[in-house]
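All of the numbers you see were taken from the coordinates with simple rules; none came from a lab. The structure presented is a predicted model; accordingly, all values stated were derived computationally and were not measured. Methodologically, a virtual Cβ is constructed for each residue, glycine included, from the backbone with ideal geometry; neighbour enumeration extends over all protein chains shown.
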Amino acid sequence: MTTQTIPVGKDLLSPAKQAALELRAEFTRRGIFIVNIVSSPGAGKTSLLEATAKHWADKGKMSVLVGDLATDRDAQRLAPLAPTVQLTTGGACHLEMPLIRKGLDQLGAVDTDFLFIENIGNLVCPASHDLGEHLRVVVLSTTEGDDKPGKYPKMFRTSQVLVITKADLLPYVPFSVEAAIADARLIQPNLQAVSVCARDGCGIAEWCALLDAARNQMLAERDKNAICH
Ligand SMILES: Nc1nc2c(ncn2[C@@H]2O[C@H](COP(=O)(O)OP(=O)(O)OP(=O)(O)O)[C@@H](O)[C@H]2O)c(=O)[nH]1
Ligand SMILES: [Mg+2]
Ligand SMILES: [Zn+2]
């Protein structure tokens with residue numbers, strides 16, 4: 001009996017998955033850490049990015065691709081703080097790789113430590129789209145209810161970090177930070193969690209330290225792999 005080896009793997013991936021893998025590999029080589037920020041509408045993604053840019057206060061540290069259905073309002077808020085490109089989907093409820101690539105072309109050759117992708121406000125289908133990110137961050141605000149992780153499990157299962165926003169409203173809303181984190185960890189036991197308030201900046205230093213640590217880990221793994229090969 002003769003055997004025949006059929007190479008499988010890379011070539012069988014969907015074009016979208018392949019594009020995401022290639023983007024991640026390219027940005028790993030360049031030392032740029034991609035963070036995909038997902039949440040329901042209005043949870044505070046843009047406010048978190050504004051507070052992050054202000055905390056770092058360094059124009060070279062981060063750049064942003066910000067997705068929206070129809071307007072460039074978020075880009076108008078972020079552009080004074082960091083290089084920003086608005087991705088307008090024309091009604092589509094999540095971002096996909098071709099639009100990310102277009103946005104990167106528009107952004108040009110910026111050399112930053114972090115590329116943030118603010119996804120469309122939607123806790124459902126963005127969970128199914130790898131955008132080449134190194135880290136997926138799900139944002140949950142205190143006004144949404146601490147029962148949401150279990151109700152939208154795929155988003156929490158596919159995320160590595162949970163950011164609880166609008167901590168300043170905790171005295172006024174029935175939301176338990178501990179209960180939300182516990183519910184999320186039933187789905188994703190390794191989820192890191194941080195609670196922030198973009199308005200007064202509490203928790204932002206901890207959030208930025210978490211990001212720096214995650215990027216440093218990516219760089220260390222990249223360099224280790226380079227030595228091994
Ligand atoms: N009290 C309070 N309000 C906040 C905080 N962060 C954001 N907000 C408010 O929440 C609303 C939505 O914030 P955005 O940052 O626009 O939320 P978003 O997730 O980017 O919204 P979309 O892009 O439309 O999905 C705005 O009115 C913000 O001022 C916070 O820490 N505390
Ligand atoms: Mg926004
Ligand atoms: Zn969608």
| said: With 10 angstrom as the radius, rank Glu26, Glu118, Glu50, Glu133 by how many other C-beta atoms surround their C-beta, starting from the fewest. | reply: Glu26, Glu50, Glu133, Glu118
| note | Cys228 neighbourhood, Cβ < 13 Å, K/R = +1, D/E = -1, net charge 0
| field | Label-point separation in nm, Ala25 to Asp200, each point 7 Å along Cα→Cβ | value | 4.8
| query | Taking R0 as 22 Å, what's the FRET efficiency between Ala213 and Thr88 from their Cβ-Cβ distance, rounded to 0.05? | reply | 0.10
| request: May I ask you to work out the translational diffusion coefficient for the chain at 37 °C, viscosity 0.692 mPa s, via Stokes-Einstein with Rh from the Kirkwood sum over Cα pairs, reported in whole µm²/s? | output: 179
| 222 nm [θ] for the chain, helices only, -39500 (n - 2.57) per DSSP H run of 4+, per residue, to 500? | -12000 deg cm²/dmol
| remark: Place a point 7 Å from the Cα of His55 in the direction of its beta carbon; the residues of segment 200-229 whose amide N falls under 16 Å from it are 200-216
| task | Go ahead and run the numbers for FRET between Gln4 and Gln192, Cβ-Cβ distance against an R0 of 35 Å, rounding to 0.05. | result | 0.15
| query | How long is the gain from Gln18 to Asn225 if the chain were fully straight, where each residue apart is worth 0.36 nm and the alpha carbon distance is subtracted? | reply | 72.5 nm
| note | By Cβ neighbour count within 10 Å, fewest first, Cys125, Cys208 rank Cys125, Cys208
